[in-house]
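Chemist: Sharing a structure, written as C-alpha cells. Questions coming.
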Amino acid sequence: MSELRILLYGDIDLNFMDGSAVWLTSIAPVLSLNENIQVDLLLKAKEQNDHLTCALKNKPNLQLIQPFEKFSNMGFKQQTRLLVSEAVQIMAKLHQENPYHLVIVRGFDLVREMMNYEEFRHITVPYLTDFKHDERSTKAERNDLKRVYDHFDYMFLQTKETKEAFKKLIRVDGKKNSATVSYDSGVK
C-alpha cells in the first residue's frame, strides 16, 4: 500500500488546554496509528510548554511542524502565533513541497480562507464547531456556512445535533458526503 499523507491544522494554540486542543492532540496520533499514514501537524504557536505536545513527539509517522522555525524567513506579523492567512500560506507551501492526499482543518475563519486556494478544494475536510447553532446566526454567517458546504466535498460536524442545526440553518438535506465526529472524553 502506498503512503497516505495527511496535513492537520487547527486554529488552536496548544500552549493552552481546552477542548479544541484536546481534540487536535487526540486526532493526530489516532490518524498516525496506521504505518501507511504520514501525518504532518502544523502548529499555530511557538511552544511555550509541551504539556500537550510531548506525547506527540518521537512518533514514527507523526511530524510536528514548527512554523516559526521551518519558515523563519516568512516575515510573520506576530512572532509567536500564526494568523489564519499565514497558516494557509504555509499549508500551501507544504502541499507544494510534498503534496497531501487529505487536509483536515478546524476553525471557521481558517476554512473561509482556505476557500481561496483551489488546490485544497477536493482534499480538505473542514471541521466546523465555531458557528451559532440557532436563531442567533446572522445572515452573513449562514451565507458563509452555505458557501463552505457547497465548496468542499466532505465535512466534519461535532454531533448529530450539530449536523441537524447546520442543515436547518442553511436549508440543505445533508445528503452531501458529510461525516459526524464525536469525542468521548470518558466523563459520564
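Chemist: Taking Val172, is it over 22 Å from Leu31 (Cα atoms) and in a loop (DSSP other than H, G, I, E, B)?
Modeler: Yes.
Chemist: Which of (1) outside any helix (DSSP H, G or I); (2) open to solvent by 40 Å² or more (accessible area, probe 1.4 Å) does Leu52 not meet, given it meets every other one?
Modeler: Among (1) outside any helix (DSSP H, G or I); (2) open to solvent by 40 Å² or more (accessible area, probe 1.4 Å), the lone unmet condition for Leu52 is (2).
Chemist: What number of residues within segment 96-108 satisfy the criterion of being modelled with pLDDT of 95 or more and open to solvent by 70 Å² or more (accessible area, probe 1.4 Å)?
Modeler: Number satisfying all stated conditions: 4.
Chemist: Counting just the residues of segment 70-93 that are open to solvent by 10 Å² or more (accessible area, probe 1.4 Å) and among the hydrophobic types (A, V, I, L, M, F, W, C), which one comes out nearest to the chain's Cα centre (by Cα)?
Modeler: Here the answer is Val84.
Chemist: Also, quick follow-up: Of the numbered conditions (1) under 22 Å from Ala28 (Cβ atoms); (2) in contact with a helix residue (DSSP H, G or I) (Cβ under 6 Å, 6 or more places away or on another chain); (3) modelled with pLDDT of 95 or more, Lys93 fails exactly one; give the number of that condition.
Modeler: So the condition that Lys93 fails would be (2).
Chemist: Another question about this same structure. Inside segment 13-57, can you point out the residues that are under 15 Å from the mean Cα position of the chain (by Cα), of a type outside the set (D, E, K, R) and under 22 Å from His95 (Cα atoms)?
Modeler: First, pick out the residues of segment 13-57 that are under 15 Å from the mean Cα position of the chain (by Cα): 13-14, 19-31, 39-45.
Narrowing the set further to residues that are of a type outside the set (D, E, K, R) leaves 14, 19-31, 39, 41-43, 45.
Answer for segment 13-57, where residues must be under 15 Å from the mean Cα position of the chain (by Cα), of a type outside the set (D, E, K, R) and under 22 Å from His95 (Cα atoms): Leu24, Thr25, Ile27, Ala28, Pro29, Val30, Leu31, Val39, Leu41, Leu42, Leu43, Ala45.
Chemist: Determine the pairs where a residue that is closer than 22 Å to Leu157 by Cβ and in contact (Cβ under 8 Å) with a residue 60 or more places away in the chain, located within segment 85-112, has a partner that is open to solvent by 10 Å² or more (accessible area, probe 1.4 Å) and polar (S, T, N, Q) with Cβ atoms under 8 Å apart, the partner being 6 or more residues away or on another chain.
Modeler: Short answer, once both residue conditions are applied: Arg106/Ser20; Arg106/Thr129.
Chemist: Then there is this: With respect to the numbered conditions (1) out of contact with any Pro (no Cβ under 9 Å at 6 or more places or on another chain); (2) crowded, with 18+ Cβ neighbours inside 10 Å, which one is the sole condition not fulfilled by Asp134?
Modeler: With respect to (1) out of contact with any Pro (no Cβ under 9 Å at 6 or more places or on another chain); (2) crowded, with 18+ Cβ neighbours inside 10 Å, Asp134 is out only on (2).
The values are calculated or read from the model by the stated rules, or taken from the named source; none is laboratory data. Only a predicted model underlies this, so the values are computations on that prediction, with no experimental measurement involved. Because the Cβ atoms are built from the backbone with ideal geometry, glycine has one as well, and the counts that use them run over all protein chains shown. Protein only, heavy atoms only, side chains kept; ligands, DNA and RNA dropped before computing areas. Shrake-Rupley method; radii C 1.70, N 1.55, O 1.52, S 1.80 Å.
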